[in-house]
Amino acid sequence: MGIQTTATKMFLKLDEEKRERVLSAAVNEFADKNYNNAGMNVVVKTAGISKGALFKYFRSKAGLFGFVYKMALGRVKDYLRQVRDESEAEDFFIRLEKVMLAGLDFIHVHSGLAAIYYRIVFTGDSPCKREIVEEVHRESLSFIKSLIQNGIERGELRSDLDPELAAFMVEAVVDRFVHAHHAQFRGQLGSENRLSHMEINREIEGIMKMMKSGMALSRGSEDQVKK
């Protein structure tokens, strides 16, 4: 059936402050509870609107959830697009470091949206779980693959790498890295257990070192190519 996003023209014509208030209330409710337990009464009370108004803005609970999801996906794309454009002149591994840091920045700034996504992945509690997970991974794999192909073309990565397989591996590492830190940003582990910026950078450096040993074009390989 696909992901339903039933935002009406009435909602889209609201002033920005009111739209953000409604969406913020919805994000917090879906993030704190699973989809089935999220209450529209809580959303309207937090947003300061009537329940009738909410269902004029979104014809159903699933429609509101779909809109929140599409908004989240759009913001993820904006983050990735910014990293891609701002790091264009840098090598693959520097760009990948920046992708990982952007992921951490996203779950910190948009912790509620990240919580909703991880609920979908690990509990399946949402409309259209399969479509949502597939779309997110498809977008992520496509982005990582483009960085890898660019790295191969510029001689930063081995020419015999399979871009599809390499993208699958790298995306899995990045996704697991970001997810591992998500609980810390949501405050589930307590501030005393959160890693410092220095520790996070050291962790990323370790991951990059391992990836370079398998993906980077070595000096010997470079000499062979020149011959």
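The values are calculated or read from the model by the stated rules, or taken from the named source; none is laboratory data. Since this is a predicted model, take the numbers as computed values, not measurements. Please note: Cβ atoms are built from the backbone with ideal geometry, for glycine as well, and neighbour counts cover all protein chains shown.
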| note | Of the conditions (1) modelled with pLDDT under 85; (2) within 29 Å of Met71 (Cβ to Cβ); (3) surrounded by fewer than 17 Cβ atoms within 10 Å (Cβ to Cβ), the single one that Arg138 does not satisfy is (1)
| query | Can you pull out the residues in region 63-91 that are closer than 15 Å to Val109 by Cα and touching a helix residue (DSSP H, G or I) at 6+ places or on another chain (Cβ under 9 Å)? | reply | Met71, Ala72, Leu73, Arg75, Val76, Lys77, Tyr79, Leu80
| remark: Taking region 147-157 and keeping only residues that are surrounded by fewer than 14 Cβ atoms within 10 Å (Cβ to Cβ), in contact (Cβ under 8 Å) with a residue 40 or more places away in the chain and assigned to a helix (DSSP H, G or I), one is left with none
| task | Check off (1) within 12 Å of Ala7 (Cβ to Cβ); (2) not in a helix (DSSP H, G or I) for Ile49 and give me the number that stays unchecked. | result | (1)
| query | Of all residues in region 52-87, how many are among the aromatic types (Phe, Trp, Tyr), within 17 Å of the chain's Cα centre (by Cα) and crowded, with 20+ Cβ neighbours inside 10 Å? | reply | 3
| Failed condition for Ser126, given (1) more than 22 Å from Ser24 (Cβ to Cβ); (2) surrounded by 20 or more Cβ atoms within 10 Å (Cβ to Cβ); (3) modelled with pLDDT under 85 | (1)
| task | Mind listing whichever residues of region 88-114 are outside any helix (DSSP H, G or I) and under 14 Å from the mean Cα position of the chain (by Cα)? | result | His110
| In this structure, is Ile94 surrounded by fewer than 20 Cβ atoms within 10 Å (Cβ to Cβ) and aliphatic (A, V, I, L, M)? | yes
| Number of the condition not met by Val173 [criteria: (1) modelled with pLDDT under 85; (2) closer than 22 Å to Arg119 by Cα] | (1)
| field | Residue count, region 29-51 (criterion: surrounded by fewer than 18 Cβ atoms within 10 Å (Cβ to Cβ) and under 18 Å from Ser126 (Cβ atoms)) | value | 8
| Matching residues, region 80-104, being free of Cβ contacts under 8 Å to residues at least 40 places away in the same chain and farther than 18 Å from Glu153 by Cβ | Arg81, Gln82, Val83, Glu86, Lys98, Ala102
| Within region 7-36, which residues are acidic (Asp, Glu), part of a helix (DSSP H, G or I) and over 21 Å from Ala115 (Cα atoms)? | Glu16, Glu17
| Lone unmet requirement of (1) at pLDDT below 90; (2) buried (at least 17 other Cβ atoms within 10 Å of the Cβ); (3) not in a helix (DSSP H, G or I) for Leu161 | (1)
